[in-house]
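*Asks:* Can you keep this structure in mind? I'll have questions shortly.
The values are calculated or read from the model by the stated rules, or taken from the named source; none is laboratory data. Computed from a prediction, not measured in an experiment: that's the story for all the values here. No Cβ is skipped: glycine too gets one built from the backbone with ideal geometry, and neighbour counts run over all protein chains shown.
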């Protein structure tokens, strides 16, 4: 992906900001999966994993939004 220098700087900022939350969630996921027998990996555990991944996505979006200029968008006149 070709990024402008400004986009590359933003990507680095986001990467740095997301490392902590992503690693913490990865640790929790590893513990969850390690605690389950093979027969328990699907079903309820599968939904717990999906929930964790959705939380990570939400964290990524929130982090991206927090770094942007504040203010709403305006409809074209």
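*Asks:* Taking the conditions exactly as written (within 18 Å of the chain's Cα centre (by Cα) and surrounded by 11 or more Cβ atoms within 10 Å (Cβ to Cβ)), does residue 68 satisfy them or not? If you could, list the steps in order and put the result at the bottom.
*Replies:* Numbers: within 18 Å of the chain's Cα centre (by Cα): yes; surrounded by 11 or more Cβ atoms within 10 Å (Cβ to Cβ): no.
Against the criterion (within 18 Å of the chain's Cα centre (by Cα) and surrounded by 11 or more Cβ atoms within 10 Å (Cβ to Cβ)), residue 68 does not qualify.
*Asks:* Of 26, 11, 17, which residue is over 12 Å from the mean Cα position of the chain (by Cα) and free of Cβ contacts under 8 Å to residues at least 60 places away in the same chain? Let's see the steps before the verdict.
*Replies:* Details: 26 fails: over 12 Å from the mean Cα position of the chain (by Cα); 17 fails: over 12 Å from the mean Cα position of the chain (by Cα).
Within the list 26, 11, 17, the selection yields 11.
*Asks:* Within the group 42, 29, 33, which residue is surrounded by 10 or more Cβ atoms within 10 Å (Cβ to Cβ) and not in a helix (DSSP H, G or I)? Walk me through it before giving the result.
*Replies:* Numbers: 29 fails: not in a helix (DSSP H, G or I); 33 fails: not in a helix (DSSP H, G or I).
Answer to the check: 42.
*Asks:* Looking only at the range 1-26, which residues are surrounded by 10 or more Cβ atoms within 10 Å (Cβ to Cβ) and either part of a loop (DSSP other than H, G, I, E, B) or in contact with a helix residue (DSSP H, G or I) (Cβ under 7 Å, 6 or more places away or on another chain) (or both)?
*Replies:* Matches in the range 1-26: 3, 14, 17, 18, 21, 22, 25.
*Asks:* Does residue 55 satisfy the condition of being surrounded by 10 or more Cβ atoms within 10 Å (Cβ to Cβ), on the phi < 0 side of the Ramachandran plot, modelled with pLDDT of 95 or more and in a helix (DSSP H, G or I)? Write out each step before concluding.
*Replies:* On the way: surrounded by 10 or more Cβ atoms within 10 Å (Cβ to Cβ): yes; on the phi < 0 side of the Ramachandran plot: yes; modelled with pLDDT of 95 or more: no; in a helix (DSSP H, G or I): yes.
No.
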